[in-house]
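Data first, discussion second: the structure below is written as structure tokens.
Taken together, the values in this text are just the output of simple stated rules run on the coordinates, not laboratory data. The model shown is predicted, which means the values in this text are computed figures rather than measured ones. All Cβ positions, glycine included, derive from the backbone under ideal geometry; neighbour counts span all protein chains shown.
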Amino acid sequence: MTLHENQTDDLIRRALAEDVAGCDLTAKATIAGGQQGSANITAKAAGVLSGIALADRVFALLDDTVIRQWHLGDGDAAQPGDRIATLSGPLRSLLSAERTALNFIQHLSGIASATREFVQAVAGTGCAVVDTRKTTPGLRYLEKQAVLHGGGLNHRMDLASGMLIKENHIAGAGSIAAAVSRCRALAQAEGCGSDVWVEVECENMDEVLQAVAAAPDIILLDNMTPDETREARKLVPDSIVLESSGNITLSNARDYAVTGVNRIAIGAITHSTSALDISMRVGAAPDGV
């Protein structure tokens, strides 16, 4: 799952334009035109990297004469002090692209790192960690790719990728059974068939029983406790994927995972993570540059 290159480049160009990187007044005032230099991008905190390929394109699109050597890539673990990249070329270009490149790496690496923490928390249980659609507008594909880099899985990418029946849909359809039936009928009419899954969100055991009778592909347990989740697991056949979501944190993720649910959905890994601390420092131009 990746953005096409033209989509990625458009995003980068908009980010560079937002920063007016082509008119870096500070760099123009302090750095002589044509002055060459080098820079190292370094991890200042432990985490999992994401956004490396994107950052590489930032430098390339701003100035294709910048030489980029990446020592670590997307999905790699980094420790404080690890050198992520060595860059060389026009010093003005290195400085003008710095913030845009680091913004992408730091934000996406924060998501990958948070995902990895949840994956490690449930390791050995057979329970997967999945994301949600609670993403930054315009950055969903990149943020969901960061989840993959952290070892998680993607839930539906968008509203056309699957059918998630929530309380408002149930109210509109009249019942869980009616909602599932209508979703199945639409998928058949649209020629989607089994390519589009149907999921029902349940808030209590009565709704779980109704959902089991309607036989969706997935049942989502919303804001249930681990004990309630364990009881629901007894009611749901193995033919239906069981998912938990809501109020799941690093401290209780394993409590949910050991109940037998197939996966836990964590919105916080995309909407509430901290950026990974990464910096860039310039030096003299290396020999031969």
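Summary table below
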read-out	value
Gap separating the Cα centres of the stretch 70-133 and the stretch 246-279, nearest whole Å	17
Computed [θ] at 222 nm, helices only, for the chain once each DSSP H run of length n ≥ 4 contributes -39500 (n - 2.57)	-13000 deg cm²/dmol
Tensor-based shape of the stretch 1-148 (alpha-carbon gyration tensor, a/c under 1.5 rounded, otherwise prolate or oblate)	prolate
Residue 175/residue 195 FRET efficiency (R0 22 Å; Cβ-Cβ; nearest 0.05)	0.30
Three-way shape call for the chain based on the alpha-carbon gyration tensor, with the a/c threshold at 1.5	prolate
The stretch 124-271, relative contact order in percent, only Cα pairs under 8 angstrom and at least six apart counted	28
Ratio of the Cα radius of gyration of the stretch 146-289 to 2.2 N^0.38 Å, where N counts its residues	1.38
The chain: angle of helix 226-235 to the longest principal axis, Cα-based, in degrees nearest 10	50
FRET efficiency for residue 46 and residue 252, using Cβ-Cβ distance with R0 set to 30 Å, rounded to 0.05	0.85
³J(HN,Hα) computed for each position of the stretch 109-123 - Karplus, 6.51 cos²θ - 1.76 cosθ + 1.60, integer Hz, glycine/proline x	5, x, 5, 4, 5, 5, 4, 4, 5, 5, 4, 5, 5, 10, 4
Simple Cβ-charge dipole of the stretch 124-271, Lys/Arg +1 and Asp/Glu -1, about Cα centre, in debye nearest 20	340
